[in-house]
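Structure first, then comments.
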Amino acid sequence: MAKWLKEAVTTEVRLNADRKVRETVETILADIDQRGDAAVRELSVKFDKWDREDYRLTDSEINACIDSLDKQAITDIEFAQKQVRNFAQEQRKAIQDIEVETVPGVILGHKNIPVNAAGCYVPGGKYPLLASAHMSVITAKVAGVPRVITCAPPFEGKPAPAIVAAQAMAGADAIYALGGIQAVGAMALGTQSIDPVDMLVGPGNAFVAEAKRQLYGRVGIDLFAGPTETMVIADETVDGEICATDLLGQAEHGPDSPAILITNSEKLAQDTMREVERLLEILPTREIARRAWDDYGEVIVCENYDEMLEVANHYANEHVQVMTDRDDWFLENMTNFGALFLGPRTNVAYGDKVIGTNHTLPTKKAARYTGGLWVGKFLKTCTYQKVLTDEASTQMGEYCSRLCALEGFAGHGEQANVRVRRYGRRNVPYAGAVEPA
């Protein structure tokens, strides 16, 4: 039976935190919906100390941000964006429109149609997370979305040059220097200066994730992508240093970022916890990582690989780093995860920044029912039908009429009957209450 050497805060504590976030978000979204730009501006001043008449960046501001970066930074952004675009293009190729003749004269099909407008949130209040621009904007553009706008908060009192450059280089049609609930609300609800979008995508903190949840229905969303989660599944083929590094490397995202070790070796578990404490003395981001580890860190020792798999599937974590003597076995058998990182040569940071898979991934067990952001999220798979012959319409009509009668839908039945009379030239009784003239 699995043994917890370290446990996270209780479910009650988490639910209480979620309740406070939910109430705050509900109030703010209602204000944005009612007052538009005025509410957005007040919120930007309050939360980001950022005030301007128009939060959309001008072409000259965008170009100034790009010009402020050195050549190596531009080259690195271009490399990362190329990897994301290449993989997204391969994904798009795998999505096909279809058309098939299911019975003689009956044509069924579907088309994959991009949404008309997408709003991409790029987090950047604590760190300028330019990678989120690649993941959202490029993926939307590869899917064929005509209008893609972005919002990212100011960083240290001004637009973060690297984020702005990444958004522009990825192909954003409009770039706004806005963060938090006010950014997500403005994109979804629309204001006097921002036209609403059809879909919201991108990761964010607990408030951004909750805002997306509350706005779902008025707009589409990619998934619930809240505070970063990471899980390391390891055996004694690796050591405590690499496990601790991979745990804390994601815990630095925020004080509510879970970091979980699952292992079948109590020695590795103890070594990892010692290494965590050592690294927390020297890690530059140790203040945030320490809070995350103390409150949300977990260490679980299992009896065998099957139990490791069972526990991992139960957690349905966002990032799952697998470093064992049977990594492909986990790939074949795991069912609940956002993204897998297989073997010690790769890691979650590669996926976050450069390797090409998308880093916007499901959190809070949403991996039980959805994968991460990809081109398919921006596409609506819409069906159509054609009936080409009198015989086919008559055949479908006769079946349809009888099935409608079973349900008591007379109007539905008459839709079928009128076609049987016209195209089959048969004496089919009228299904309605009044005979036609």
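The values are calculated or read from the model by the stated rules, or taken from the named source; none is laboratory data. Please read these numbers as outputs of a predicted model, since none were measured by experiment. FYI the Cβ positions are ideal-geometry reconstructions off the backbone, even for glycines, and counts take in every protein chain you see. Areas reflect the complete protein model, heavy atoms only, side chains present, ligands, DNA and RNA absent. Shrake-Rupley method; radii C 1.70, N 1.55, O 1.52, S 1.80 Å.
What to note about this one:
- Residue within segment 288-296 that is within 17 Å of Glu229 (Cα to Cα), in a helix (DSSP H, G or I) and touching a Ser or Thr at 6+ places or on another chain (Cβ under 8 Å) present: yes
- Of Thr285, Thr363, all but one fail to be closer than 20 Å to Glu252 by Cα, touching a residue at least 12 places away in the same chain (Cβ under 8 Å), of a type outside the set (Asp, Glu) and crowded, with 18+ Cβ neighbours inside 10 Å; the exception is Thr363.
- Top-ranked residue of segment 152-166 - restricted to ones that are assigned to a loop (DSSP other than H, G, I, E, B) and open to solvent by less than 30 Å² (accessible area, probe 1.4 Å), ranked as nearest to Met187 (Cα to Cα): Ala152
- Enumeration of residues in segment 4-23 that are open to solvent by 90 Å² or more (accessible area, probe 1.4 Å) and in contact (Cβ under 8 Å) with a residue 40 or more places away in the chain: Trp4, Glu7, Arg22
- So Ala172, is it on the phi < 0 side of the Ramachandran plot, part of a loop (DSSP other than H, G, I, E, B) and modelled with pLDDT of 95 or more: yes
- For the residues Val100, Val25, the requirement of being assigned to a helix (DSSP H, G or I) and among the β-branched types (Val, Ile, Thr) singles out Val25.
- Residue under evaluation Ala183, criteria (1) in contact with a helix residue (DSSP H, G or I) (Cβ under 6 Å, 6 or more places away or on another chain); (2) assigned to a helix (DSSP H, G or I), criterion not met: (1)
- Pairs where the first residue, in segment 407-421, is free of Cβ contacts under 8 Å to residues at least 40 places away in the same chain and the second is among the hydroxyl-bearing types (Ser, Thr, Tyr) and open to solvent by less than 90 Å² (accessible area, probe 1.4 Å), C-beta under 7 Å, 6+ apart: Gly413/Ser401; Glu414/Tyr430; Ala416/Ser401; Asn417/Ser401; Asn417/Tyr430; Arg419/Ser393; Val420/Thr394; Val420/Ser401
- The condition (being open to solvent by less than 50 Å² (accessible area, probe 1.4 Å) and under 18 Å from Leu5 (Cα atoms)) is satisfied by just one residue among Gly226, Gly240: Gly240.
- Evaluation of Asn205 against the conditions (1) open to solvent by 30 Å² or more (accessible area, probe 1.4 Å); (2) closer than 22 Å to Glu252 by Cα; (3) over 16 Å from the mean Cα position of the chain (by Cα) shows that the sole unmet condition is (3).
- Only residues that are under 30 Å from Gln395 (Cα atoms) and open to solvent by 70 Å² or more (accessible area, probe 1.4 Å) were counted in segment 109-127, giving 1.
- Residue among Ala8, Ala30 that alone is in contact with a Phe, Trp or Tyr (Cβ under 6 Å, 6 or more places away or on another chain) and either farther than 25 Å from Ala166 by Cα or aliphatic (A, V, I, L, M) (or both): Ala8
- Taking the listed residues Arg425, Arg419, the one that is of a type in the set (Lys, Arg) and surrounded by fewer than 16 Cβ atoms within 10 Å (Cβ to Cβ) is Arg425, with no other qualifying.
- Residues (more than 19 Å from Ala349 (Cβ to Cβ) and open to solvent by less than 40 Å² (accessible area, probe 1.4 Å)) located in segment 70-88: Ile74, Ala88
- Hey, Thr381 touching a Ser or Thr at 6+ places or on another chain (Cβ under 9 Å), within 22 Å of Lys93 (Cβ to Cβ) and among the hydroxyl-bearing types (Ser, Thr, Tyr) or not: no
- Condition met for Ala88 (in contact with a Lys or Arg (Cβ under 7 Å, 6 or more places away or on another chain) and aliphatic (A, V, I, L, M)): no
- Failed condition for Arg213, given (1) surrounded by fewer than 21 Cβ atoms within 10 Å (Cβ to Cβ); (2) more than 17 Å from the chain's Cα centre (by Cα): (2)
- Pairs meeting the criteria (first residue in segment 323-339 and farther than 20 Å from Gly240 by Cβ and assigned to a loop (DSSP other than H, G, I, E, B), second residue open to solvent by 90 Å² or more (accessible area, probe 1.4 Å) and not β-branched (Val, Ile, Thr), beta carbons under 6 Å, at least 6 apart or on different chains) are Asn336/Arg368.
- Filtered by the rule that a residue be closer than 12 Å to Ala183 by Cα, in a helix (DSSP H, G or I) and modelled with pLDDT of 95 or more, segment 43-63 gives Leu43, Ser44.
- Residue that is touching a residue at least 12 places away in the same chain (Cβ under 8 Å), acidic (Asp, Glu), out of contact with any Ser or Thr (no Cβ under 7 Å at 6 or more places or on another chain) and within 30 Å of Gly397 (Cα to Cα), where the choices are Asp97, Asp173: Asp97
- Taken residue by residue, segment 25-39 has no member that is over 30 Å from Lys267 (Cβ atoms), at pLDDT below 95 and open to solvent by less than 80 Å² (accessible area, probe 1.4 Å).
- Among residues of segment 390-416 being part of a helix (DSSP H, G or I), open to solvent by 100 Å² or more (accessible area, probe 1.4 Å) and of a type outside the set (D, E, K, R), the one that is farthest from Pro104 (Cα to Cα) is Leu406.
- Out of Glu236, Glu210, sole residue that is under 22 Å from His253 (Cβ atoms) and of a type in the set (Asp, Glu): Glu210
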